[in-house]
Structures are given as C-alpha cells and as structure tokens.
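As structure tokens, the structure follows; a few thoughts come after it.
The values are calculated or read from the model by the stated rules, or taken from the named source; none is laboratory data. Note that the structure is a prediction, hence the values are computed from the model and not measured. No Cβ is skipped: glycine too gets one built from the backbone with ideal geometry, and neighbour counts run over all protein chains shown.
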Amino acid sequence: MTVTEFHNRLTDHRHPFDAFFSERYEPMLRLAVSMVDQPWAAEEIVQDAFQRVWLRWAELTEPHFYLRTIVVNRCNDELRRRRVRRRADRVLGHRTEAESHYLADMLSSVTPKRRTALVLRFYGGHTVSEVAEAMDIPTGTAKSLIHRGLADLRGAL
C-alpha cells in the first residue's frame, strides 16, 4: 500500500465526522452564542461538544441530536454558573470595605465550590435546599460543601 492510499483510507475513515463537523459547526456556534451571549464561551462549549461526539462517534446513530443536547446542556451549565456568581457577588457587595477584605481573604483559602455554598448559605441567607438548587447539586452535596467549607475556614483562622 502506498502512502497516498494509506492517507486516503484514513481520510475516508474520518470523512463522515469531518463532513458532520463542517455541516454542524456554524449552526451550533450560532445556537451557543444566542444562549450565552459570549462568543469565546460559545466556541469553547461547541468545541467540547464536538469532542464528546467524536469520542462516541462509532456508537451514535443520531449524532446531530446528541451534539445539540450537549451544546444546550453546556450553555445551561454556563448560565447557571453565572447566576450563582451574581448572587454571591450581590451578597458580598453589601458588606463594609473592611469586612469585604477580611471575608475575601478568609474565603480565598476555600475551594470555589465550597466558597459559593458558604456565601449563599451564610451571607445570602439561603437554606441548604436553596443552595443546592442554585448550584444545581443534590442537597446532600450542598450540606457536605458547607460542612467542609466551614472546616476549611476554621483551619484558616
């Protein structure tokens, strides 16, 4: 087999995905941009979605449905993260300057997920169930994040 024949076989093997990518990339990017309003975030979401499709390409019967589902779900995840960040920022914004600096220093020693749970629970006045809903996690996970975050803060003090 010549190098050209080998290359053609490789190209033929990947051809269905290449055609799929060429056909679906722009519509998926437009969908993602319309949902998240940030082209850089939309591109990252779409590229990740195509990677997931590529990894499961051989087993998918309707890859365009799977791709669209991934794009929509990842866009919703991004929007959910933004809402949680905005809530946390609003809560932190009501503190005095000295409190904000002290609080920010203490919270910087906690992982982002634990920090978000702590801020929503204790500074936002939300219940554990509301924290879980805002972060889109199970209630038990929210309890665990709060518990471990408090332990981290005790250690930082």
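Would you confirm, using the coordinates I've provided, whether Val53 is in a helix (DSSP H, G or I), at pLDDT below 95 and in contact with a Leu (Cβ under 6 Å, 6 or more places away or on another chain)? Criteria met by Val53. Could you tell me whether Val72 is within 22 Å of the chain's Cα centre (by Cα) and at pLDDT 90 or above? Answer is yes for this residue.
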